[in-house]
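Written below as structure tokens is the structure these notes are about.
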Amino acid sequence: MSTGELRVARDGAVATVVIANPAKRNAMTTGMWRELPVLLEGLAADPAVRALVLTGEGGTFCAGADIGSLREGAEDSRGLAVAAEEALAAFPRPTVAAVRGYCVGGGCQLAAACDLRFAAEGARFGVTPAKLGIVYGESSTRRLVRLVGPATAKYLLFSGELVSAARAERTGLVDEVVPEGELGKRVAEFTALLARRSLLTQAAAKEFADGRADAGRSAYWAAQMRDSGDTSEGVAAFLERREPRFTWPA
């Protein structure tokens, strides 16, 4: 039996979730899929968390779902994977996948659910249900299409082939590729910057960009902007040439 687990580390306002199942290249077990939404709910409830990083232990991001878990109950595991993906996509703060090594199958599914993806040069990406005779979920397929376009999504889904970090960046699957050994530093710098920016701006932009805003949300966010004080603080900080101190949500 796999002893995989999800670990959480904190560095100031940034929380890092580590996929840890090194014996199986950080494959996600049924228990790990089930745990992720609960873990994310707890982090979302903590106002001190202003950005989230998802990464894998050691030199691999995630090699997908634990095949042993799939044999035990394919439908259950697939449903749990989609639920975990949706919980990650709906996390109310900026999320960044920090990818080393293999990011395959369910691992790529999780990375795609993050807002941004940073990768080391040697990372490899693949969406591999065609190798297992599995139907990739509708919501997961649509998310992949939004990221890379229909042609590249079909290439990945039809073939199950792995692509390099450089090709993933060209297609939009990856936002930045950095030299091996510098990924942790770059992600730490970027997420620290995100934590200093306006969460009000980020939350509204995330909702609009992801197409999750219902009717009336524009008015809601306008009211939040008017009442929060973040706008006046941002303008004052700009004029005074200092770092703003945003407080939303108070």
Close pairs (7 angstrom Cβ cut-off, 6 or more residues apart or separate chains): in the same structural domain as Leu54 (by TED's automatic domain parsing) and on the phi < 0 side of the Ramachandran plot in the stretch 76-96, aromatic (Phe, Trp, Tyr) and not in a helix (DSSP H, G or I) anywhere: Val96/Phe118
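For the stretch 118-130, state whether one or more residues are of a type outside the set (Gly, Ala, Ser), touching a residue at least 60 places away in the same chain (Cβ under 8 Å) and touching an Asp or Glu at 6+ places or on another chain (Cβ under 8 Å).
yes
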Exactly one of (1) within 20 Å of Arg117 (Cα to Cα); (2) at pLDDT 95 or above; (3) not aliphatic (A, V, I, L, M) is unmet by Gly64. Its number? (2)
For the stretch 224-234, does any single residue satisfy the condition of being touching a Pro at 6+ places or on another chain (Cβ under 8 Å) and of a type in the set (A, V, I, L, M, F, W, C)? no
Residues that are within 20 Å of Leu110 (Cβ to Cβ) and not aliphatic (A, V, I, L, M): which helices (runs of 4 or more DSSP H) entirely in the stretch 123-235 hold 3 or more of them? 138-148, 165-171, 183-196
For residues that are part of a helix (DSSP H, G or I) and either aromatic (Phe, Trp, Tyr) or touching a Pro at 6+ places or on another chain (Cβ under 7 Å) (or both), tally how many sit in the stretch 236-250. 2
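The values are calculated or read from the model by the stated rules, or taken from the named source; none is laboratory data. Values in this document were obtained by computation on a predicted structure and should not be read as measured data. Because the Cβ atoms are built from the backbone with ideal geometry, glycine has one as well, and the counts that use them run over all protein chains shown.
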